[in-house]
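Let me begin by presenting the structure, written as structure tokens, before commenting on it.
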Amino acid sequence: MSRIRMKNSKQFTDDDIAIIKDMLGFYSARSIAEHIGTTETVIGKWCKRNAQSLLDVRYANGIPQMQLAKHWRLNHNLIRVWIEKHSMPVIKPPAGYGDNYFNIIDNAALPAWLEKGYALSQAIRPITPEYITMLKQARERIYSRMIPTKAISDIIFINMETVYRYIRIGKMIKPNFTYAYKMYHNRISLALYLRQHYGTTVANRVFDVKWSI
């Protein structure tokens, strides 16, 4: 029995690329691969080369359900319940690709939804304007302690491919969290690591204001 030959990225047609752009961010690599007739590996390699700017645009207006759950330190299933039963606003995926998609919360509509007073859960207080302010302040405090991983490239004067390789092989401290496919380091931890391995002058660059998120 002959094997079905899968497409490689060089064989992608304009229609294939349009499908990838439609599904990207909403569907898994497996789902995209099934629609195009290729493998997850091929989709992953194509996305690694081409998808970051596309994802930046998609996530500029929304935040994935899992990431929102991490930011709020909640079970992601609770976010799903709000979406399904309490009309939490989401960005609708393009039609025609099936129902097995990832929820992306609509950033523009989220504040108005929060202000309606939905409770996060019975374990914590209902959401009020004061609680929304507290959430924003907490996020700002967290972000003020973080620095984009891509800044390391300019701090120690190496290219990003080398930074990622150093992280993989253990020659660079690992990032603390990832948001919208971008990695972030804790400023203090990174500065201490750089001071130990690159000296105080290099470590002090971590606190330059231009690295604010």
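The values are calculated or read from the model by the stated rules, or taken from the named source; none is laboratory data. As the structure is a computational prediction, the values presented were derived from the model and not from experiment. FYI the Cβ positions are ideal-geometry reconstructions off the backbone, even for glycines, and counts take in every protein chain you see. Heavy atoms of the whole protein, side chains included, go into the accessibility calculation; ligands, DNA and RNA do not. Shrake-Rupley method; radii C 1.70, N 1.55, O 1.52, S 1.80 Å.
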Modelling each spin label as a point 7 Å along the Cα-to-Cβ direction, I'd like the HIS71/HIS86 distance in nm, to one decimal. 1.7 nm
Once phi is turned into ³J(HN,Hα) by the Karplus curve 6.51 cos²θ - 1.76 cosθ + 1.60 with θ = phi - 60°, what whole-Hz value does each residue of segment 43-49 show in order, with x for glycine and proline? 4, x, 5, 5, 5, 4, 7
Kindly write out, for segment 73-83 in residue order, the coupling ³J(HN,Hα) from the Karplus curve 6.51 cos²θ - 1.76 cosθ + 1.60 (θ = phi - 60°), rounded to whole Hz, with x marking Gly and Pro. 6, 10, 5, 5, 5, 5, 4, 4, 4, 4, 5
Taking placed amide H atoms and a strict 5 Å upper bound, the residues 5 or more places from TYR27 or on another chain that come that close are PHE102
Per-residue HN-Hα couplings for segment 99-108, Karplus 6.51 cos²θ - 1.76 cosθ + 1.60 at θ = phi - 60°, whole Hz, x for Gly and Pro? 9, 8, 10, 8, 7, 10, 6, 7, 4, 5
Between ILE158 and ASN50, Cβ-based FRET efficiency (R0 22 Å, step 0.05) works out to 0.40
Which order do LYS92, LYS171 take by accessible area at a 1.4 Å probe, largest first? LYS92, LYS171
